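Each remark here refers to the structure printed beneath this line.
The values are calculated or read from the model by the stated rules, or taken from the named source; none is laboratory data. None of the values given here were measured: they were computed from a predicted structure. Neighbour counts run over all protein chains shown; Cβ positions are idealised from the backbone, glycine included. In case anyone asks, the SASA skips ligands and DNA or RNA and just uses the protein heavy atoms, side chains included. Shrake-Rupley method; radii C 1.70, N 1.55, O 1.52, S 1.80 Å.
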Amino acid sequence: MRGYVPGCEVKVPVTLAEALDVLAAEPGGWRPMAGGTDLMVLFNAGRMPAGRFLDLSRIEELRGIWEDETTLRFGALTTFSEMRDCPSVHRHLPNLVKSARATGALAIQNRGTLGGNIANASPAADTPPSLLAYGAELELVSLRGRRTVAYDAFHQGYKQMDLAVDELVAGIRVPKPQGLGFHFYRKVGTRQAQAISKLCLAAYARIEGGLIAEFRVGLGSLAPAPVRARRAEAMILGKPLTALQVTAAREALMADICPIDDIRSTVHYRRVVTANVFQQMLEELAHA
Amino acid sequence: MIGIPAIRKEGRAKVLGRARYTDDKTFRCLLYGATVRSTVPRGILKAIRFGEGIPWKEFTIVTAQDIPGENRVAAIVKDQPFLVEVGGMINHAEEPVLLLAHPDRYLLEKARRAVILEVEELPAILDIQSSLDRAQIIGGNENIFKELRIEKGDPASVWARAAHIIEGAYRTGAQEHLYIEPNGMLAIVAHGDHEDQVTVCGSLQCPYYIQKALMNLFGLPADKVRIVQMETGGAFGGKEDYPSLIAGHAALLAWKSGKPVKLIYDREEDMAATTKRHPSRTRMKTAFDEAGHLLALDIDFILDAGAYATLSSVVLSRGAIHAAGVYRCSNTHIHARAVATNTPPSGAFRGFGAPQSLFALERHLDVCAAQLGLDPAELRRKNFLKIGDTMATGQVIQEKLDLAGLMDRTLQEIGYTEKRRSFAVINATDEPIKRGVGISVFMHGCGFTGSGETYLASVAGIEGLADGRVAVLAASTEIGQGKDTVFSQIASEALNIPMELVEVAQADTKVVPDSGPTVASRSTMVVGRLVEDAAYAFKQALIQQGFLEEPYTPELFREAVRRSHARFGTVKCYTQYHKPPHIEWDDQTYRGDAYPTFSWGCYAAEVAVDTVTFEVKVEDFVAIQEVGRVINPVLAAGQIEGGVAQGIGWALWESVEWKGGRMVNNQMTNYIIPTSVDLPRIRVAFLENPHPAGPGGAKGLGELPMDGPAPAVLNALQNALGNLRLDEVPMTPERLLECMEVACG
Amino acid sequence: MAEKIRLQLTVNGEPRSVEVFPMARLVDVLREELKLTGTKEGCGEGECGACTVRLDGRIVNSCLIPAIQAQGSELLTVEGLAEQEHLHPLQQAFHHHNGAQCGFCTPGMLIAAEDLLRRCPNPDEGQIREGLSGNLCRCTGYVKIVDAVKAAAEGGRA
Ligand SMILES: Cc1cc2nc3c(=O)[nH]c(=O)nc-3n(C[C@H](O)[C@H](O)[C@H](O)COP(=O)(O)OP(=O)(O)OC[C@H]3O[C@@H](n4cnc5c(N)ncnc54)[C@H](O)[C@@H]3O)c2cc1C
Ligand code: FES
Ligand code: FES
């Protein structure tokens, strides 16, 4: 235990308004804490100074999964296990179920939250690629008000987010895929469970009249933040299923990513395997 | 009692959560200890400064200057200091420099970070090649801690006439033990008028190693240094030599503060600072005749010992002796060196050098088989050792040995022939998953190498207790392998009484004699045999004293022990190891009987490689071995399964990443050991062939399972993917990709 | 210095109350304040599972739970599995099948296995392996652990 425990203060608001008050009164003074599965690791390892924490875990307004005709809405505190256990998520957003299942192991899934996975802004997080592929939106709140941002505009660089210091992620809205959909998710981790991603690719396509009417690819561990593969998407969107330009799209994908060498993998491996997984996805799509 | 699946003695306490590990014990007025380490791999320690904002007066602070005895860890060579002194050399980046203790563990950590070391950095040697190149001379004799040659016949005379000469170079990386309980020690020092009394309890494998180290550190006699093993949460060799340092550090803090001190490493510190398996590099040159008979073997075997000599000389010996494997070869040269680098010292790890050299040989044979156009199993079959053959050291195989039978059993179990045939068909299609099967055949020498056991002259005993039960007295430690259970089985068999009447004394230097360290697959075969002999002697004593007559019931036995105890007080019978007359070994020439006997294994792995991601899954694993008589089949299988898991981990994932001489992936999240979903059900079987040296015919088996998996897995990969240069472990997906690209040009 | 809080929770069915720093780790609260040393620390980073306990019906890594988040919670630790000296069926099975070698992963493993069998009373081998994949064991290769869980499941559960 390398964190200085006696130096830490914690506030435990039970309403969102209370929490936002604290953040507004001392912007940047209190660090939000949800499931703690990222924060506590840093803190225990002495990689985060002692400080002041705002425990969000008792705020009921941030919990729960809601559903209407067009959208699934997740409170920021929704855990991976809750996503895994929810039949609607299985039905509409299978990639999100796969990401939740692929995250850590059960004890982490019981505790880690979707809001935390997003706001931790790790390039290696496993739900963001799925959220990007599904075209999710985030609800951000502060005393100044509530706003909605497209998730693909939220991450702006390594640990850079469109999130003000007095703001919280309140919820995540994901449009329900309509019509004939194709869902693909593959995480390549350091092992089969309890693993951090070396790379991760999620894709969603809507097929209409034999054409790719909608197509998004979300990528993890391949750029300073979770990103969409916009160039590769453009090569596929609108094309007939029977004439997907696999090689060209693969090449375009290489321009979408900028992986690094780190202790988990290499640039070269990430590039080659991303291209392979992408191709595998397109082959499955072609047969969808 | 021998041969039955007796239930683990201490198992109940373990499943109840009541077993007491080091960190579970506490004292009043306890201080927590911490270690300040160098962060540069090589340099001169100029000064130690204490930063601002810490109430230093509240701290117990120990530097090299405080050490009452000799500031050197007593090992084979005394080259490693407990603490680097000001003006002294720093030889690796995790070298201990200063110790701190305080009752508040949170403040302690703050203080640890506030110590500033002024170091004049010197150029460091960080790998085997730079050490051999001698750009800097950093230790040993011109960077060599140990060099040895094993010579039989003359390979040079063969090259010219051989039909095939095949060469290869193989590498293995460092491996972290990753016992789930990190290292830790608790120390108490009672200040006496003349001499202090030092007591250390902890997580450890070898109480008498630590006792010796602390006697030297404090300048105290043996009876003033007491070492007690607590329940130990895994060791695998990782708690063999490094605990001497930790125990010394805890004891120094306790000695200076006059209070009990607990020094527990957290995972990051344990991984960064404590020992690892020696990285290795092996070059093989082999000659075969037309038919595939092995004519000559020339092996150059090098281990990276790290910064200090520690156990490297004996790890090197074992590695070198195993390098020629289970094959007959009249012309064998083995040249072995352990070299110095400025990395934390490498140490003992299950297998002790043999997994490294056996990986090279067993991998090389599959490369050879491909070049010779033979099936790997058939190439091996042509060359197996048989009774009457001599090994590289000149040791003659005297026991019944049927390696072909062992191999056939394994081949049949895994379905080798059918699988190789059917996989070849599927692998030729564009199916992205490629499958293969591979095998390895190997041996592991039981007990210490060469004259090791003779020098150790271990002792074990049996004591009669007041209540009529008996206690086994041995310094062998229970580290999860089941030693307590096996020893009680051995004693109860010899005494012909139920196991409940046998207790196994805690490994406490005040209570048990020096039975040597718990290493080298020696506990069951060597110490177990001493226990067996002591038990016979104890029974004889009871008979001679007139308390017991054969045949007897357990009740009569118990009564006899009670009466003997009432009459004579404690009765203890000890036996000591004596070298069997037929065993000869020469430490200078490396000729003779390297081990009293060997255990033998043939393992087979079936793998599936995903050519999209280069991930490898071991889908089936068969581990068949001949280990003499199996004393407890359930515990024995558990040892094999765990060893195989470690071997598969080493083969595929377990990579220590170094930067500037420091391990940088020293967290569990970044050092990848297998989880339950990464492994197949490991299938284990034993072929029994009782051996006269061991108790009830048993041989050693703790290390054997580490030797076979890595070559079997990589050989299976070769079968799946064709002839790639798969010459390194761990074969991570990143490396496999590179190998496949090299093969494609 | 932060103020300590009064932490009230139910551990293995008993109400307990201690003064601790709000960010103290639950594993330390259990081991040091409540003297329940059965729960182990193997890594402090959520990776090994040795510190697994059940908190309000779900398993968690107690090294990652700040005390304040355990306020008012109900905990099950390894000490709460047996009824006095009567082993829980899983403990019995681990004991019988050599599921505990060095025993250090065992407390966490048992809690994870108990949770698995509550959610899934008749798991197949794959489900057992998935259910235990957050609990690292370095001794067993998992074979005997899987066998023990299977045996406990087959033995019928209370
Ligand atoms: C052993 C282990 C394995 C793991 N495996 C994976 C894995 O496989 N894949 C993966 O993606 N992650 C993994 N993680 C990381 C982690 O579990 C996830 O990122 C999780 O989603 C974090 O959620 P949390 O609620 O625990 O976040 P916390 O730790 O509470 O917070 C994380 C960050 O988000 C901020 N934050 C949290 N909630 C909000 C909010 N509502 N508004 C604004 N800011 C907020 C916090 O201030 C903090 O900076 C693993 C972690 C561990 C310990
Ligand atoms: S100690 Fe908590 S998961 Fe390892
Ligand atoms: S039994 Fe030792 S770690 Fe599992």
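Assorted remarks:
- Spin-label proximity, residue B:584 to the stretch B:284-321 - amide N less than 18 Å from point 7 Å beyond Cα toward beta carbon: none
- Annotation: the antiparallel percentage among DSSP beta bridges lying fully within the stretch B:238-338 is about 55.
- Total buried accessible area between B and A, probe 1.4 Å, nearest 100: 2700 Å².
- Size descriptor, Kirkwood hydrodynamic radius, that averages inverse alpha-carbon separations across the stretch A:182-286, Å: 13.8 Å
- Heavy atoms of residue A:258: accessible area, 1.4 Å probe, square angstrom to 10: 70 Å²
- Unit Cα scatterers, Debye sum, the protein assembly as shown: log10 I(q)/I(0) for q = 0.04, 0.05, 0.07 Å⁻¹: -0.22, -0.35, -0.69
- Globularity index of the stretch B:74-174, i.e. its alpha-carbon radius of gyration over 2.2 N^0.38 Å: 1.76
- Residue pairs, from the table A:198/B:617; B:78/B:699; B:239/C:150; B:14/B:239; B:419/C:150, whose Cα atoms sit over 28 Å apart: B:78/B:699; B:239/C:150; B:419/C:150
- Peptides A:132-143, B:493-504 ranked from most to least packed, by the mean per-residue count of other Cβ atoms within 10 Å: A:132-143, B:493-504.
- Calculated SAXS-style log₁₀ I(q)/I(0) at q = 0.23 Å⁻¹ - the stretch A:201-260, Debye, Cα scatterers: -0.88
- Summed residue charge, Cβ within 14 Å of residue B:28's Cβ, Lys/Arg positive, Asp/Glu negative: +3
- Per-residue shielding of A:193-199, expressed as the average number of other chain Cβ atoms within 10 Å of the residue Cβ, stands at 6.
- The loop-placed trypsin sites (Lys or Arg not before Pro) in the stretch B:134-171, going by DSSP, that have at most 14 neighbouring Cβ atoms within 10 Å of their Cβ come out as B:134, B:161.
- Within the listed set A:255, A:232, A:76, the Gaussian network model of chain A (springs between alpha-carbon atoms below 10 Å) gives the highest mean-square fluctuation for A:255.
- Values of log10 I(q)/I(0) for the stretch A:60-175 across q = 0.14, 0.16, 0.17, 0.20 Å⁻¹ run -0.51, -0.68, -0.77, -1.09, by the Debye formula with one identical scatterer at each alpha carbon and no solvent.
- Taking GluC sites (Glu not before Pro) across the stretch C:33-120, the ones in a DSSP loop with at most 10 further Cβ atoms lying within 10 angstrom of their Cβ are C:85.
- The helix-only estimate of mean residue ellipticity at 222 nm for chain B, built from DSSP H runs of length n ≥ 4 each weighted as -39500 (n - 2.57), is -9000 deg cm²/dmol after division by the residue total.
- Taking the DSSP beta bridges with both ends in the stretch B:452-576, the antiparallel portion is around 75 percent.
- Solvent exposure of the protein assembly as shown as accessible area per residue, Å², 1.4 Å probe: 34 Å²
- Bridgeable aspartates and glutamates around residue B:382 (alpha carbons under 15 Å apart, same-chain partners fewer than 8 residues away excluded): B:289, B:290, B:362, B:366, B:402, B:408.
- Average projection, convex hull of the Cα set of chain B: 33.6 square nanometres.
- With a simple spin-label model that places each label point 7 Å from the Cα along the Cα-to-Cβ direction, the separation between residue A:165 and residue A:16 comes to 2.4 nm.
- Accessible area (Å², 1.4 Å probe, nearest 10) - residue B:451: 20 Å²
- Student exercise, chain B dipole from Lys, Arg, Asp, Glu Cβ charges, in Debye to nearest 20: 940 debye
- Heavy-atom accessible area for residue A:208, with the other protein chains in place and a 1.4 Å probe, reaches approximately 110 Å².
- C/A buried area, accessible surface, summed, 1.4 Å probe, Å²: 2600 Å²
- Dipole axis of the protein assembly as shown (+1 Lys, Arg; -1 Asp, Glu on Cβ), positive-most option in A:266, B:3, B:426: A:266
- Highest-first arrangement of B:384-396, C:118-130, where packing means the average Cβ count within 10 Å: B:384-396, C:118-130
- Order of exposure, largest accessible area first, which applies to A:70, C:140 with probe 1.4 Å: A:70, C:140
- Partner lysines for residue B:152 [C-alpha distance under 18 Å; skip if fewer than 8 residues away on the same chain]: B:285, B:386
- Sorting A:10, B:512 by solvent-accessible area of protein heavy atoms yields A:10, B:512, largest first, with a 1.4 Å probe.
- Kirkwood Rh and Cα Rg combined as Rg/Rh, the stretch C:5-80: 0.91
- The Rg/Rh ratio of chain C, with both radii computed over alpha carbons and Rh defined as the Kirkwood radius, is 0.98.
- Take each residue in A:143-153, count the other chain C-beta atoms within 10 Å of its C-beta, and the mean is 0.
- Cα convex hull of the stretch A:5-55 - mean projected area over all directions, nm²: 3.5 nm²
- As a calculated quantity, the FRET efficiency between residue A:287 and residue B:157 at R0 = 56 Å, using C-beta atoms, amounts to about 0.35.
- Cα pair count fraction exceeding 21 Å, expressed as % - the stretch C:89-153: 7 percent
- For the cross-link pairs B:25/B:256; B:276/B:572; B:110/C:40, the ones whose C-alpha atoms lie over 29 Å apart are B:276/B:572.
- Separation between Cα centres of the stretch A:91-107 and the stretch A:52-70, rounded to whole Å: 18 Å
- Each DSSP beta bridge with both residues in chain B is either parallel or antiparallel, and the antiparallel ones are about 75%.
- Peptide B:16-26 has a mean shielding of 6, counted as Cβ atoms of other protein chains within 10 Å of each residue's Cβ.
- For the stretch B:121-222: Kirkwood Rh in Å [reciprocal of mean 1/r, alpha carbons]: 20.0 Å
- Spacing of the two label points (7 Å from each Cα toward its C-beta) at residue B:457 and residue B:657, in nm: 5.1 nm
- For B:119, A:22, the ranking by accessible surface with the largest value first comes to B:119, A:22, using a 1.4 Å probe.
- Rough spin-label spacing in nm, given labels placed 7 Å along Cα→Cβ, for residue B:570 and residue B:49: 5.5 nm
- Sum of side-chain charges, residue B:660 neighbourhood, beta-carbon under 11 Å (Lys, Arg +1; Asp, Glu -1): +2
- Scaled against the 2.2 N^0.38 Å expected of a compact globular protein of N residues, the Cα radius of gyration of the stretch B:452-576 reads 1.01.
- Of the residues making up the stretch A:246-277, those losing 40 Å² or more of accessible area when the isolated chain is joined by the remaining protein chains, with a 1.4 Å probe, are A:263, A:268, A:269, A:276.
- Counting only aspartates and glutamates at least 8 places from residue B:146 when in the same chain, those with an alpha carbon closer than 17 Å to its own are B:79, B:127, B:133, B:300, B:304, B:586, B:587.
- For chain A, the extents of the C-alpha atoms along the principal axes are 62, 44, 31 Å, listed from largest to smallest.
- Alpha-carbon centroid distance for the pair the stretch B:476-519 / the stretch C:96-158, whole angstrom: 28 Å
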